[in-house]
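The values are calculated or read from the model by the stated rules, or taken from the named source; none is laboratory data. Remember, it's a predicted structure, so these values are computed and weren't measured experimentally. With ideal geometry, Cβ positions are generated from the backbone for all residues, glycine too; neighbour counts draw on all protein chains shown. Just so you know, the surface numbers come from the protein's heavy atoms only, side chains and all, with ligands and any DNA or RNA stripped out. Shrake-Rupley method; radii C 1.70, N 1.55, O 1.52, S 1.80 Å.
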Amino acid sequence: MNQSTSLRILYVFCDYLSTLAALLLFVVVRFHLEPVAHMMGSVGAMMSTTMVRLELLLFPLLMLFVYWLTGYYNEVIMKSRLQELLETLRSALVGMAVFFLIAMINDVDADRFNTYKLIAILAAILFSCTYLMRVALTTAVRKRVADGRICRHTLIVGTGPKADSMYARLKKVSRVMSASPETPLWA
(Lines give C-alpha, C1' and ligand atoms only; values in the text may rest on other atoms or scores of the structure.)
Protein backbone atom coordinates (compact mmCIF):
# COMPACT_ATOMS: atom_id res chain seq x y z
CA MET A 1 0.00 0.00 0.00
CA ASN A 2 1.47 3.35 -0.97
CA GLN A 3 1.67 6.44 1.21
CA SER A 4 -1.30 8.22 -0.32
CA THR A 5 -3.60 5.24 0.16
CA SER A 6 -2.61 4.69 3.78
CA LEU A 7 -3.00 8.41 4.53
CA ARG A 8 -6.39 8.44 2.81
CA ILE A 9 -7.52 5.52 5.00
CA LEU A 10 -6.24 7.37 8.08
CA TYR A 11 -8.16 10.53 7.10
CA VAL A 12 -11.36 8.50 6.55
CA PHE A 13 -10.96 6.74 9.91
CA CYS A 14 -10.32 10.01 11.76
CA ASP A 15 -13.26 11.69 10.03
CA TYR A 16 -15.47 8.79 11.10
CA LEU A 17 -14.29 9.06 14.71
CA SER A 18 -14.64 12.84 14.84
CA THR A 19 -18.13 12.73 13.34
CA LEU A 20 -19.17 10.04 15.79
CA ALA A 21 -17.74 12.07 18.70
CA ALA A 22 -19.56 15.18 17.46
CA LEU A 23 -22.84 13.31 17.23
CA LEU A 24 -22.42 11.81 20.71
CA LEU A 25 -21.74 15.27 22.09
CA PHE A 26 -24.77 16.63 20.24
CA VAL A 27 -27.01 13.91 21.72
CA VAL A 28 -25.90 14.99 25.20
CA VAL A 29 -26.55 18.67 24.40
CA ARG A 30 -29.87 17.79 22.82
CA PHE A 31 -30.90 15.88 25.96
CA HIS A 32 -30.27 18.95 28.09
CA LEU A 33 -31.98 21.42 25.73
CA GLU A 34 -35.03 19.54 24.48
CA PRO A 35 -37.94 19.30 26.91
CA VAL A 36 -39.16 16.05 25.30
CA ALA A 37 -35.81 14.36 25.94
CA HIS A 38 -36.10 14.91 29.69
CA MET A 39 -39.04 12.49 29.78
CA MET A 40 -36.57 9.68 29.06
CA GLY A 41 -34.87 10.24 32.38
CA SER A 42 -31.19 10.10 31.49
CA VAL A 43 -28.75 10.51 28.62
CA GLY A 44 -28.11 6.76 28.67
CA ALA A 45 -31.81 6.04 28.25
CA MET A 46 -31.94 8.48 25.35
CA MET A 47 -28.89 6.89 23.68
CA SER A 48 -30.43 3.43 24.01
CA THR A 49 -33.44 4.34 21.88
CA THR A 50 -33.60 2.82 18.42
CA MET A 51 -33.68 6.18 16.66
CA VAL A 52 -30.56 7.52 18.38
CA ARG A 53 -28.71 4.24 17.75
CA LEU A 54 -29.62 4.47 14.07
CA GLU A 55 -28.41 8.07 14.02
CA LEU A 56 -25.11 7.03 15.62
CA LEU A 57 -24.68 4.22 13.12
CA LEU A 58 -25.74 5.91 9.89
CA PHE A 59 -24.89 9.60 10.27
CA PRO A 60 -21.07 9.16 10.39
CA LEU A 61 -21.28 7.00 7.25
CA LEU A 62 -23.43 9.62 5.56
CA MET A 63 -20.92 12.31 6.50
CA LEU A 64 -18.06 10.22 5.04
CA PHE A 65 -20.06 10.18 1.82
CA VAL A 66 -20.48 13.98 2.00
CA TYR A 67 -16.73 14.40 2.63
CA TRP A 68 -16.01 12.14 -0.33
CA LEU A 69 -18.40 14.11 -2.55
CA THR A 70 -16.62 17.36 -1.70
CA GLY A 71 -13.37 15.80 -2.91
CA TYR A 72 -11.65 16.04 0.45
CA TYR A 73 -9.93 12.67 0.08
CA ASN A 74 -8.57 13.32 -3.42
CA GLU A 75 -5.33 15.00 -2.31
CA VAL A 76 -4.05 13.86 1.06
CA ILE A 77 -0.41 14.91 1.06
CA MET A 78 -0.31 18.55 -0.02
CA LYS A 79 -3.41 20.16 1.49
CA SER A 80 -4.10 23.85 1.65
CA ARG A 81 -5.22 24.88 5.14
CA LEU A 82 -7.66 27.43 3.77
CA GLN A 83 -9.17 24.87 1.41
CA GLU A 84 -9.39 22.40 4.30
CA LEU A 85 -11.18 24.98 6.46
CA LEU A 86 -13.69 25.86 3.75
CA GLU A 87 -14.37 22.23 2.79
CA THR A 88 -14.90 21.28 6.43
CA LEU A 89 -17.26 24.21 7.00
CA ARG A 90 -19.24 23.44 3.86
CA SER A 91 -19.46 19.75 4.77
CA ALA A 92 -20.57 20.55 8.32
CA LEU A 93 -23.35 22.80 7.02
CA VAL A 94 -24.52 20.16 4.54
CA GLY A 95 -24.37 17.49 7.25
CA MET A 96 -26.33 19.68 9.64
CA ALA A 97 -29.03 20.26 7.04
CA VAL A 98 -29.26 16.56 6.18
CA PHE A 99 -29.37 15.56 9.85
CA PHE A 100 -32.13 18.06 10.55
CA LEU A 101 -34.20 16.96 7.55
CA ILE A 102 -33.84 13.26 8.32
CA ALA A 103 -33.59 12.94 12.09
CA MET A 104 -34.95 16.06 13.73
CA ILE A 105 -37.79 17.18 11.47
CA ASN A 106 -40.35 15.23 13.53
CA ASP A 107 -38.88 16.53 16.80
CA VAL A 108 -39.51 20.18 15.96
CA ASP A 109 -40.39 21.94 19.18
CA ALA A 110 -43.13 24.51 19.52
CA ASP A 111 -40.37 26.92 20.46
CA ARG A 112 -38.69 27.58 17.09
CA PHE A 113 -35.80 29.37 18.78
CA ASN A 114 -34.85 26.13 20.55
CA THR A 115 -34.87 24.29 17.22
CA TYR A 116 -32.66 26.91 15.58
CA LYS A 117 -30.32 26.80 18.56
CA LEU A 118 -30.00 23.01 18.22
CA ILE A 119 -29.29 23.33 14.50
CA ALA A 120 -26.56 25.92 15.13
CA ILE A 121 -25.07 23.81 17.94
CA LEU A 122 -24.96 20.74 15.70
CA ALA A 123 -23.19 22.67 12.95
CA ALA A 124 -20.68 24.14 15.42
CA ILE A 125 -19.94 20.81 17.13
CA LEU A 126 -19.65 18.95 13.83
CA PHE A 127 -17.33 21.58 12.36
CA SER A 128 -15.19 21.87 15.50
CA CYS A 129 -14.65 18.15 16.05
CA THR A 130 -13.95 17.42 12.40
CA TYR A 131 -11.72 20.43 11.82
CA LEU A 132 -9.62 19.89 14.95
CA MET A 133 -8.95 16.29 13.94
CA ARG A 134 -8.14 17.30 10.37
CA VAL A 135 -5.78 20.10 11.44
CA ALA A 136 -3.93 17.69 13.72
CA LEU A 137 -3.61 15.15 10.91
CA THR A 138 -2.60 17.71 8.29
CA THR A 139 0.01 19.19 10.62
CA ALA A 140 1.49 15.74 11.24
CA VAL A 141 1.54 14.98 7.50
CA ARG A 142 3.18 18.32 6.69
CA LYS A 143 5.83 17.67 9.33
CA ARG A 144 6.56 14.26 7.82
CA VAL A 145 6.80 15.81 4.35
CA ALA A 146 9.20 18.46 5.64
CA ASP A 147 11.30 15.77 7.37
CA GLY A 148 11.45 13.76 4.17
CA ARG A 149 9.60 10.75 5.60
CA ILE A 150 6.78 11.30 3.12
CA CYS A 151 7.86 12.03 -0.40
CA ARG A 152 6.56 11.95 -3.93
CA HIS A 153 8.18 10.37 -6.91
CA THR A 154 9.60 13.15 -9.05
CA LEU A 155 11.10 12.87 -12.48
CA ILE A 156 13.17 15.75 -13.81
CA VAL A 157 13.04 15.86 -17.58
CA GLY A 158 15.78 17.79 -19.27
CA THR A 159 19.38 18.78 -18.84
CA GLY A 160 21.22 21.98 -18.19
CA PRO A 161 21.44 24.47 -15.37
CA LYS A 162 17.68 24.55 -14.64
CA ALA A 163 17.52 20.78 -14.26
CA ASP A 164 20.67 20.78 -12.12
CA SER A 165 19.31 23.49 -9.81
CA MET A 166 15.99 21.65 -9.51
CA TYR A 167 17.84 18.45 -8.62
CA ALA A 168 19.94 20.29 -6.02
CA ARG A 169 16.82 21.81 -4.42
CA LEU A 170 15.05 18.48 -4.31
CA LYS A 171 18.09 16.73 -2.89
CA LYS A 172 18.38 19.36 -0.15
CA VAL A 173 14.76 19.11 1.02
CA SER A 174 14.04 15.40 0.64
CA ARG A 175 15.38 11.99 -0.16
CA VAL A 176 16.40 11.41 -3.75
CA MET A 177 15.81 7.93 -5.11
CA SER A 178 18.14 7.97 -8.11
CA ALA A 179 21.87 8.21 -8.49
CA SER A 180 23.06 11.56 -9.76
CA PRO A 181 22.21 13.78 -12.70
CA GLU A 182 25.37 12.57 -14.40
CA THR A 183 24.14 8.96 -14.30
CA PRO A 184 21.00 8.76 -16.41
CA LEU A 185 18.42 6.17 -15.42
CA TRP A 186 18.40 4.59 -18.90
CA ALA A 187 22.16 3.88 -19.04
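For the chain, what does the accessible surface come to per residue with a 1.4 Å probe? Please give it in Å². Intermediate values should be presented prior to the final figure.
Values: 11450 Å² over 187 residues.
With all protein chains present, the chain gives 61 Å² per residue.
Under the rule of -39500 (n - 2.57) per DSSP H run of 4 or more residues, summed and divided by the residues of the chain, what mean residue ellipticity at 222 nm is obtained, to the nearest 500 deg cm²/dmol?
Values: 6 runs with 124 residues, N = 187.
Rounded to the nearest 500, the figure is -23000 deg cm²/dmol.
Here's the list of lysines a cross-link from Lys171 could span, going by alpha-carbon distance under 29 Å and ignoring same-chain residues fewer than 8 apart: Lys79, Lys143, Lys162.
Report, in order of residue number, the helices in the chain meeting two criteria: a C-alpha extent of 27 Å or more along the helix axis, and a mean Kyte-Doolittle hydropathy of at least 0.0; treat each whole DSSP H run as one helix. Walk me through the numbers before you get to the answer.
Numbers: long enough: 3-33 (44 Å, 1.31); 50-69 (28 Å, 1.79); 112-147 (52 Å, 0.75).
Qualifying helices, which must be both long enough and hydrophobic enough, are 3-33, 50-69, 112-147.
Ranked by the mean number of other Cβ atoms within 10 Å of their residues, highest first, the peptides 121-131, 136-146 come out as 121-131, 136-146.
What per residue convex hull volume, in Å³, comes out for the stretch 67-154 when only alpha-carbon positions are used?
Numbers: hull volume 7.8 nm³, N = 88.
So the per-residue hull volume is 89 Å³.
Below 8 Å, C-alpha to C-alpha, sequence gap of six or more: please give me the relative contact order for the stretch 1-73 in percent.
Working: 30 pairs, mean separation 29.2, N = 73.
The value is 40 percent.
Using C-alpha pairs under 8 Å with a sequence gap of at least 6, the mean separation divided by the residue count of the chain gives a relative contact order of 27 percent. Within the full protein context, the accessible area of Thr159 is estimated at about 130 Å² for a probe radius of 1.4 Å.
For the stretch 1-115, just run the numbers: alpha carbon Rg, then divide by 2.2 N^0.38 Å, N being how many residues it has. Show your work: numbers first, answer last.
Numbers: Rg = 16.5 Å, N = 115, 2.2 N^0.38 = 13.4 Å.
Taking the Cα Rg and dividing by 2.2 N^0.38 Å, one obtains 1.24.
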